[in-house]
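Engineer: For reference, the structure I am asking about is given below.
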Amino acid sequence: MRRTVVNNIVSLDGFYADQSGNPTVLNMDETFDAYNLERLRSAGTVLLGRTSFEGFGAYWPAIADAGEDPTNRALSSDNRETSRLYNRIAKVVVSDSLDVPADHPWAATTTVVRRDEVGTWLQQEKLYGTGDILIFASRIMWNGLLAQGLIDELHLTVSPGALTAGLPLFLRPANLSLLDVRAFPGSSNALLRYRPASA
């Protein structure tokens, strides 16, 4: 059976983004990039909410073949590989209204599933194929799936700063069991890996 894995970064005090919705205030350093790539290499499908799909789809497709610029960390070898993997992996977007334009770089690898159908889709998808069903960002969508008992693991990169206000990572109480803690050499980030206590 395939796993459904959430992979998010979060502030030390539990926020997904600042009050304006900007997650880049968190410590998205080279180790964060490398861990995202590690997770993507293990995935067979990426599951996204509409807002995350639109943001990722505007940013990632061109990174792989962008011109050389050693001063731009966005064009690192890890990020170029991430771009190449995103460009070819199956992506599923949860939305009731999205139509992916035919000229979108990811049109051929993207499927849209309605919000009221995603639970059934996910239960079926876990039975077939290979690799994790990986969720980046998309907190509203995955919080709903967590409440339905459809998330197997949460991989939370804890950024070493407190925002004191912003968008909370969790939208309702959650009871989790710790699986692993990982430090990243040269970084103040830490990875906490959990499973839902009921899983």
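The values are calculated or read from the model by the stated rules, or taken from the named source; none is laboratory data. The shown structure was predicted, so the numbers you read here are calculated from the model rather than taken from an experiment. Neighbour counts are summed over all protein chains in view; Cβ atoms, including those assigned to glycine, are modelled from backbone coordinates with ideal geometry. Ligands, DNA and RNA are stripped out before the accessible areas are found, and what is left, the full protein with its side chains, is counted by its heavy atoms. Shrake-Rupley method; radii C 1.70, N 1.55, O 1.52, S 1.80 Å.
Engineer: For the stretch 17-52: of the residues being within 20 Å of Asn143 (Cβ to Cβ) and touching a helix residue (DSSP H, G or I) at 6+ places or on another chain (Cβ under 6 Å), which is most open to solvent (accessible area, probe 1.4 Å)?
Structural biologist: Here the residue is Asp18.
Engineer: Hey, could you check the stretch 123-168 for residues that are at pLDDT 95 or above and of a type in the set (Phe, Trp, Tyr) and say which is nearest to Gly57 (Cα to Cα)?
Structural biologist: Phe136
Engineer: Could I ask something else about it? Assuming Asn8 fulfils every condition listed in (1) open to solvent by 10 Å² or more (accessible area, probe 1.4 Å); (2) modelled with pLDDT of 95 or more apart from one, which condition is it?
Structural biologist: (1)
Engineer: Would you be able to say whether some residue in the stretch 73-83 is at negative phi, at pLDDT 95 or above and touching a Lys or Arg at 6+ places or on another chain (Cβ under 6 Å)?
Structural biologist: For the stretch 73-83, residues at negative phi, at pLDDT 95 or above and touching a Lys or Arg at 6+ places or on another chain (Cβ under 6 Å): absent.
Engineer: For the stretch 63-80, indicate whether the set of residues that are free of Cβ contacts under 8 Å to residues at least 24 places away in the same chain and under 16 Å from the mean Cα position of the chain (by Cα) is non-empty.
Structural biologist: Within the stretch 63-80 (the criterion being free of Cβ contacts under 8 Å to residues at least 24 places away in the same chain and under 16 Å from the mean Cα position of the chain (by Cα)), the answer is no, since none of the residues qualifies.
To keep it simple, each residue is scored yes or no on (1) in contact (Cβ under 8 Å) with a residue 40 or more places away in the chain; (2) assigned to a loop (DSSP other than H, G, I, E, B); (3) open to solvent by less than 50 Å² (accessible area, probe 1.4 Å).
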site: Thr130; (1), (2), (3): yes, yes, no
site: Met141; (1), (2), (3): yes, no, yes
site: His155; (1), (2), (3): yes, no, yes
site: Leu178; (1), (2), (3): no, no, no
site: Leu191; (1), (2), (3): yes, no, yes
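Engineer: A follow-up question, please. Out of Ala90, Ala58, Ala108, Ala162, I need the residue that is open to solvent by 10 Å² or more (accessible area, probe 1.4 Å), touching a helix residue (DSSP H, G or I) at 6+ places or on another chain (Cβ under 9 Å) and not acidic (Asp, Glu). Which one? Even if it seems obvious, please write down each step before you answer.
Structural biologist: On the way: Ala58 fails: touching a helix residue (DSSP H, G or I) at 6+ places or on another chain (Cβ under 9 Å); Ala108 fails: touching a helix residue (DSSP H, G or I) at 6+ places or on another chain (Cβ under 9 Å); Ala162 fails: touching a helix residue (DSSP H, G or I) at 6+ places or on another chain (Cβ under 9 Å).
Testing whether each residue is open to solvent by 10 Å² or more (accessible area, probe 1.4 Å), touching a helix residue (DSSP H, G or I) at 6+ places or on another chain (Cβ under 9 Å) and not acidic (Asp, Glu) leaves just Ala90.
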